[in-house]
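Asks: Below is one structure. I have some questions about it.
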Amino acid sequence: MLYLLADTRRFHLEHHVADGKNDDLLFRKISQLLKENHGNISRSFISDKLSYNEDYLNSIVKRHTGMSLKKYAQIFCLEEAARLLSNSNMSVTDIIHELGLSNRTYFYRAFTRHYGLTPKEYQMLHKKEEGKE
């Protein structure tokens, strides 16, 4: 077996230096998980799924976005809420339940801070724009 492994026609060694590209790949995987779950997953779930320490994953997100993993995840949730408000007839309450959120007040505050409108105002504005087309 060692004879086969030593055969340079079959196998060879290459020296690779980590240049941060692994962090880029990991950041893309984190972003994909958040997108698939509309930001509604825990740090421990991401950690288990990717087999990396939670704090390390948080530091990668912080380097790429300047935000904590929790804050970055919130953006995916808010974007999905905005999409549902614009493209469905669901009520704000139904959307909150659909996204698995438990604190209505926190959702309203976060949505208003992110979009500059309450969820209901956002929905009404986008429904009016839809009617103009």
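No lab work stands behind these numbers, since they all come straight from the coordinates. Keep in mind that this is a model prediction, so the values were computed, not measured. All Cβ positions, glycine included, derive from the backbone under ideal geometry; neighbour counts span all protein chains shown.
Asks: Listed here are the pairs Lys21/Lys49; Lys29/Lys70; Lys35/Lys71; Lys70/Lys127; which of them are more than 22 Å apart at the Cα? Numbers along the way, then the final one.
Replies: On the way: Lys21/Lys49 19 Å; Lys29/Lys70 15 Å; Lys35/Lys71 14 Å; Lys70/Lys127 30 Å.
Lys70/Lys127, as the Cα separations exceed 22 Å there.
Asks: Could you tell me the calculated FRET efficiency between Lys128 and Glu98, based on Cβ-Cβ distance and R0 = 35 angstrom, to the nearest 0.05?
Replies: 0.95
Asks: Evaluate the charge dipole of the stretch 24-85 about its Cα centre and quote only its size in Debye, nearest 20, assuming +1 on the Cβ of each Lys and Arg and -1 on the Cβ of each Asp and Glu. The partial results should precede the final answer.
Replies: Working: 10 positive and 7 negative charges, 25 e Å.
Dipole about the Cα centre, nearest 20: 120 debye.
Asks: Further question on the same structure: Could you bin all the Cα-Cα distances of the stretch 64-118 into 10 Å bins starting at 0 and give me the percent of pairs in each, rounded to whole numbers?
Replies: Histogramming the stretch 64-118 at 10 Å steps yields 23, 58, 17, 2 percent.
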